[in-house]
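Trainee: Below you will find the structure I want to go over with you.
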Amino acid sequence: MNNDCMVEIVDLRKRFGHHEVLKGINLKVKPSEVLVIVGPSGSGKSTMLRCVNGLEHASGGHIYVEGIDVTDHKADINTIRQKVGIVFQSFNLFPHLTTLRNVTLAPLKVRKSNSGEAEEKAMRLLDRVGLKDKAHAYPAHLSGGQQQRVAIARALAMDPDLMLFDEVTSALDPELVSEVLDVMKDLAREGMTMMVVTHEMGFAKEVGDRLIFMDDGVIVEEGPPEDIFTNPRSPRAVDFFSKILSHL
């Protein structure tokens, strides 16, 4: 394990039955780095993120997060998940709880935080994502973009050292995408370590420190986003980016 890494993935493999989704991933993520992960559907991007957070169990290899081996069956996965926030494509908010309660729930239940402190912190986070005025609204009364920003605030309430974003804008109407990306850009500027699966190439180019292109369970290319966009080397990457970037 390299102590200079926030995340180190070593020969990660994942099978679902006889289908091998990840075929030996090797990857390092430095503190405060924004790693953007792109590739076609079914390439293993989301599965890799879910393995980092322990939501999927690796079939082989190792994943170290701040020196802790996530793949070790003796590891305290709940402690690891407190360090690693994850936001999904679907918002997964509790519909019967207000925005404020959605954000305070984990600190109260997991961290056993004081209710007054948890609420004060939640209000700061809601203000940070531009939703302080929606603290007492229920998810059904929020737009998709607003719900996704609440989901980000909820993840941040546990003070994670690493944030994972899994295609968080893909379910949103186009006009709502920018409000979520703006929150993510702010996090990047503040030095949050981030692994971001996305099809938003403008975001990747503006914010990403490094980009990896995955296909068929392997990393095909990696490097600065601008370099890969303008000069992809593999035929598969050339084909992918010619289709994706033509729509920008």
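The values are calculated or read from the model by the stated rules, or taken from the named source; none is laboratory data. Keep in mind it's a predicted model, so treat the numbers as computed, not measured. With ideal geometry, Cβ positions are generated from the backbone for all residues, glycine too; neighbour counts draw on all protein chains shown. Ligands, DNA and RNA are stripped out before the accessible areas are found, and what is left, the full protein with its side chains, is counted by its heavy atoms. Shrake-Rupley method; radii C 1.70, N 1.55, O 1.52, S 1.80 Å.
Trainee: For the range 82-156, just the Cα set please: Rg and Dmax, both in angstrom.
Mentor: So, for the range 82-156, Rg and Dmax equal 11.2, 31 Å respectively.
Trainee: Dividing the convex hull volume of the alpha carbon atoms of the range 57-122 by its residue count, what do you get in Å³ per residue?
Mentor: Working: hull volume 8.4 nm³, N = 66.
It is 128 Å³ per residue.
Trainee: Given the rule -39500 (n - 2.57) for each run of at least 4 DSSP H residues, summed and divided by the residues of the chain, what is its mean residue ellipticity at 222 nm, to the nearest 500 deg cm²/dmol?
Mentor: -11000 deg cm²/dmol
Trainee: Using the Cα atoms of the range 200-248, I'd like the radius of gyration and the largest Cα-Cα distance, Dmax, both in angstrom.
Mentor: 10.1, 26
Trainee: Along each of the three principal axes of the Cα atoms of the range 112-216, give the extent in whole Å, ordering the values from largest to smallest.
Mentor: Sorted largest first, the three principal extents are 46, 29, 25 Å.
Trainee: As a quick test, which of the pairs 185/243; 30/134; 14/121; 121/185 have an alpha carbon distance above 32 angstrom in this structure? Don't jump to the answer; show the numbers that get you there.
Mentor: On the way: 185/243 25 Å; 30/134 35 Å; 14/121 38 Å; 121/185 21 Å.
Over 32 Å Cα-Cα: 30/134; 14/121.
Trainee: Something else about it: When ranked by the protection proxy of mean other Cβ atoms within 10 Å per residue, highest first, what sequence do the peptides 21-32, 81-92 form?
Mentor: Peptide ranking by packing, descending: 81-92, 21-32.
Trainee: While we're here: Between the range 137-166 and the range 1-51, what is the separation of their alpha carbon centroids in Å?
Mentor: Answer, in whole Å: 23.
Trainee: With contacts defined as alpha carbon pairs under 8 Å and 6 or more residues apart, what's the relative contact order of the chain in percent?
Mentor: Numbers: 458 pairs, mean separation 63.3, N = 248.
Once divided by the residue count of the chain, the mean separation gives 26 percent.
Trainee: Set the Förster distance to 30 Å, then compute FRET efficiency between residue 30 and residue 173 from the Cβ-Cβ distance, nearest 0.05.
Mentor: Rounded to the nearest 0.05, the efficiency is 0.30.
Trainee: How much length is gained if the chain between residue 222 and residue 68 is pulled fully straight, taking 0.36 nm per residue apart and subtracting their Cα-Cα distance, in nm to one decimal?
Mentor: Numbers: separation 154, 0.36 × 154 = 55.44 nm, distance 2.49 nm.
Stretched out fully, the residue 222 to residue 68 stretch lengthens by 53.0 nm.
Trainee: Same structure again: Which percent of the accessible area of the chain is formed by carbon and sulfur heavy atoms (probe 1.4 angstrom)?
Mentor: C and S fraction of accessible area: 48 percent.
Trainee: Still on this structure: Given a 1.4 Å probe, how much area per residue of the range 1-142 is accessible, in Å²? If you can, show how the numbers build up before the last one.
Mentor: Details: 7280 Å² over 142 residues.
The answer is 51 Å² per residue.
Trainee: Something else about it: Calculate log10 I(q)/I(0) of the range 107-149 for q = 0.30, 0.35 Å⁻¹, where I(q) comes from the Debye formula with a single equal point scatterer on each Cα and nothing for solvent.
Mentor: -1.01, -1.11
Trainee: What is the pair-distance distribution P(r) of the chain, computed from all Cα-Cα distances in 10 Å bins starting at 0, with each bin given as a whole percent?
Mentor: Using 10 Å bins, I get a P(r) of 7, 30, 35, 21, 5, 0 for the chain.
Trainee: Something else: Give, to the nearest whole percent, the P(r) tail of the range 1-138 beyond 21 angstrom, counting all Cα pairs. The partial results should precede the final answer.
Mentor: Numbers: 5033 of 9453 pairs.
So the pairs more than 21 Å apart make up 53 percent of the total in the range 1-138.
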